[in-house]
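Encoded as structure tokens, the structure appears first; notes follow it.
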Amino acid sequence: QVQLVDSGGGLVQPGGSLRLSCAASGNIFRRAAMAWYRQAPRNQRELVARISSGGWTNYADSVKGRFTISRDNAKNTVYLQMNSLKPMDTAVYLCYAQTINDDYWGQGTQVTVSS
């Protein structure tokens, strides 16, 4: 059974930083593409950043230059470093894992950017 456990969210002031973590159980991590999505109230879920099993990354235009996705295969963990946070970044952030045959979601972690 594969489980993704998201953590690291919280309340931060505009301009601040947070680092989200997603720990994966099971044996899929090394062959999975990993991603972070976010969903704000009344908005559709949107892709924030993605990293392939080989380390290739891509980002939503709205976070380029501010967010960095990375993975540590030894720890079965993917990270999202978020800098220069803005109120528009407020959302529930969800970890996502995709293999050839399956996909999985974390439970989500709330990020609130407010003064």
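The values are calculated or read from the model by the stated rules, or taken from the named source; none is laboratory data. Predicted, not measured: the structure shown is a model, and the values here were computed from it. Positions of Cβ are generated from backbone atoms using ideal geometry, with glycine treated the same way; all protein chains shown enter the neighbour counts. We work out accessible area using only protein heavy atoms, side chains counted, and drop any ligands, DNA or RNA first. Shrake-Rupley method; radii C 1.70, N 1.55, O 1.52, S 1.80 Å.
Please give the per residue accessible area of the chain, computed with a probe of 1.4 Å over protein heavy atoms only, in Å².
That works out to 54 Å² per residue.
So, with a 1.4 angstrom probe, what is the percent of accessible area on the stretch 69-115 that is carbon and sulfur?
Whole-percent figure for carbon plus sulfur exposure: 45.
Quick one: net charge of Ile28's neighbours, Cβ under 13 Å, K/R +1, D/E -1?
Taking every Cβ under 13 Å from that of Ile28, the sum is +1.
Sequence gap at least 6, Cα distance under 8 Å: using those rules, report the relative contact order of the chain to the nearest whole percent.
Worked out over the chain, it gives 37 percent.
Determine the principal axes of the Cα atoms in the chain, then give the extent along each, sorted from largest to smallest and rounded to whole angstroms.
Principal-axis extents of the chain (Cα, largest first): 41, 25, 23 Å.
For the chain, what is the charge dipole size about the Cα centre, in debye to the nearest 20, if Lys and Arg each add +1 at the Cβ and Asp and Glu each add -1 at the Cβ?
With only Lys, Arg, Asp and Glu charged at Cβ, the dipole is about 160 debye.
What FRET efficiency comes out for the pair Ser25/Ser115, r = Cβ-Cβ distance, R0 = 35 Å, nearest 0.05?
0.40
I need the P(r) histogram for the stretch 1-65: all alpha carbon pairs, bin width 5 Å from 0 out to the longest distance, whole percents.
4, 13, 19, 26, 22, 10, 5, 1
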